[in-house]
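First the structure, in the form of structure tokens, and then the observations on it.
What follows is calculated from the coordinates using simple rules that are stated; it is not laboratory data. These figures come from a predicted structure and were not determined experimentally. Methodologically, a virtual Cβ is constructed for each residue, glycine included, from the backbone with ideal geometry; neighbour enumeration extends over all protein chains shown.
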Amino acid sequence: MSQIKLSQRTKIIALFCAFAAGALVMVIAATFLMGGPRPQIAGTVTSTGTAAVGGPFRLVDQTGAQVTEAALKGKPSLIFFGFTHCPDVCPTALFEMSEILTALGPDADKAQVFFVSVDPERDTPEALKSYLSSFAPQIRGLTGTPEAVDAIKKEYRVYSRKVPLKDGDYTMDHTAVVYLMDKNGSFVAPFNSKRPPAEAAAELKRYL
């Protein structure tokens, strides 16, 4: 009997440890993205300062019009970083956000969505215009020079990397987070677009 109880206790402890480790990973990831102080881990040096997510940028949209951070003022925004040659993650995210805009109904024009290219080499305004024609008309594609794209990536803490393919082409590894910005252009939190559109739309309405 004592051996059975010991075995059960060992399993409970192991499950608790696994849960705690997973929770710690989530906390570290969230605080890194949201710019808060990083959790202190023994043997490491930590900073007590904070850094905001978001900041100034100067890009162009799919019509060639210049877009800066001022475009984020007045409406809540969803921002997603990706590229037009993305095989699955990007079109899925854009489809989900299109569904959310549809679920907003007459309020759809009170919100906005930005698709920021991490592949300016291929994603010209013309390429973005063609690509985005398959999604909601409220979605604006943004691109620019490599330097301008690097600048906005730094402001939003976005990671991307060119990955060569065997045929001489390439794809892009990149951060796949939807950023929710309020009407003041300030970062609120990562936005969960992978849920029923009506539920996501109801949350977005809180910021209209």
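Working from label points 7 Å from Cα in the Cα-to-Cβ sense, the Arg195 to Arg161 distance is 3.2 nm. Extension gain, Glu69 to Ser134, is 20.9 nm, computed as 0.36 nm per intervening residue step minus the present C-alpha separation. Between Val177 and Phe81, the built amide H atoms are under 5 Å apart, and every one of these is 5 or more places off in sequence or on another chain.
Charged neighbours of Gln62, selected by a Cβ distance under 12 Å, balance to -1 (K, R count +1; D, E count -1). Note on Glu203 and Thr102: the model spin-label points, each 7 Å out from Cα along the C-beta direction, lie 2.0 nm apart.
A cut-off of 5 Å between modelled amide H atoms, ignoring neighbours fewer than 5 places along the same chain, links Tyr170 with Leu165.
Extending 7 Å from Cα along the Cβ direction at Ala176 and again at Lys110 yields two label points whose distance is 3.2 nm. Here the gap between Ser186 and Lys154, fully extended at 0.36 nm per residue and compared with their Cα-Cα distance, gives a gain of 10.0 nm.
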